[in-house]
Amino acid sequence: MTTNKKILITIDVEDWFQVENFKSSISYDSWHRQELRVERNTHRLLDLFDEMGRTPQSTTQYNQLKQQTYSANKPAIRATFFVLGWIARKCPDLVREIHRRGHEIASHGVDHHLCNAQSVSDLRKDLNDSKKLLEDITGDEVYGYRAPSFSVNDGVLKIIQDAGYRYDASYNSFDRHGRYGKLNISAFKQSGIAYQVSDHFHEIPVSNLDFDFKIQNSKLNIQNFSLPWGGGGYFRLIPYAIFRQGVQRILSSADAYSFYLHPWEVDPEQPKVKEAPAAFKFRHYINLASTMKKIRRLLKDFKDCRFVTCRAYIDTIQR
Ligand SMILES: [Zn+2]
């Protein structure tokens, strides 16, 4: 069965010591002393996308695939990588490699500061610097931005737009997470899963599982209730068979599903931050060992969908 449904795989390229959950335990000044693991972890994802997108039939083809000399007629898996500026400065070759393999490079800011915790001038600088840094490395225009910890709001969205981006991918409708920002999304015209903020600027939210129902003769009235179904820690926490059903349900009414993950989520051997609060450690370390297997299953089970970049998705809905 082939389908016109699309899957937007997005990867926030940052390392294990840069996450918000460990901010109180690992200072920014010590980042340069931490073990850098993001390159090998990102390569594991890149290799998986190549392998699952174009299935080689022999060892020779597999080696050719690695050298980019083999292409089967199966469509490639294209993903969007929101790269942190700090990582791009440290590993420009990684950025070039992601780009060379046909994926989209987008911005995740420079130093992972939450948008709603920065002054307007600091945020403007962060947005401009991270965009230019990535464009200088690849020579290609950066269209997209994702705020650290989805910390967008109406004012921030305007600043992102003014900085010359073509889309933002920071809105997460799950409202039980303290750090996620709020956006008055209903103010914009919906087009597919995206929202048209202006002629040249869109919002692409992370996909969640939405419920909107009222039980008859009951005071229970659940409206616009959403469960986090877009990836990350929730993808690791929820048993895969249930997660897949949720994605199927999302795709039964939407034309696309937007999923996010971090390279450190496929790295069970990463250093442990013992002094972090227990709840944060739970969120960060839960089921790291099985993430790779789960992504492989997700790519396989939805292989009839088209795996497109956010930039390509915006292009298709604009036509
Ligand atoms: Zn992040």
Report summary line: Under 5 Å from the placed amide H of V197, counting only residues 5+ away or on other chains, we find H202, E203
Query - Spatially proximal aspartates and glutamates relative to K300 (Cα-Cα < 15 Å; intrachain offsets below 8 disregarded) - result: D47, D50, E51
**Report entry** Packing-based ranking, highest mean first, of 192-204, 138-150, 237-249 given that Cβ atoms within 10 Å are counted
**Finding:** 138-150, 192-204, 237-249
Report summary line: Per the rule of 0.36 nm per residue minus the C-alpha distance, extending S198 to R44 adds in nm 51.7 nm
Query raised in the report: Considering only DSSP beta bridges whose two residues both sit in segment 6-317, what percent are antiparallel, to the nearest 5?
Result: 30 percent
**Report entry** Cα→Cβ-extended label distance, 7 Å offset, between D315 and S30, nm
**Finding:** 4.4 nm
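All of the numbers you see were taken from the coordinates with simple rules; none came from a lab. Since we're looking at a predicted model, the values are computed, not measured. Heads up, the Cβs are rebuilt from the backbone with ideal geometry, glycines too, and the neighbour counts pull from every protein chain shown.
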